[in-house]
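Presented below is the structure to which this report refers.
A short reminder: the numbers here are calculations on the coordinates, not readings from a lab. In this text, all values refer to a predicted model and were calculated from it rather than measured experimentally. Heads up, the Cβs are rebuilt from the backbone with ideal geometry, glycines too, and the neighbour counts pull from every protein chain shown.
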Amino acid sequence: MDRRIKIGTIVDLKYPGGSFVGQVIYCKREPIGYYIGVEFQEGYRWDRRKYKPEHLLHLGLKLVKGKK
């Protein structure tokens, strides 16, 4: 993003063939702009067959000890 987005903002992300709604959970300044983290609405399940971004996707996953 080229500007900061307030944490808690509801965003509607549209793509060819659909859209999904989520809430901004972080907004971090980086040298090339802002990275935002979006938490999907309850019940939403990501389906890479329907949409897979070509760039700027950072899942921010971390391993919890004892879990796989």
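Summary of values
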quantity	calculated
Stretch gain in nm, segment D47-Q23, where the contour uses 0.36 nm per residue and the Cα spacing is subtracted	6.8 nm
Translational diffusion of segment 1-54, µm² s⁻¹ [Kirkwood Rh, Cα pairs; Stokes-Einstein; 4 °C; 1.567 mPa s]	106
Sum of side-chain charges, Y15 neighbourhood, beta-carbon under 10 Å (Lys, Arg +1; Asp, Glu -1)	+3
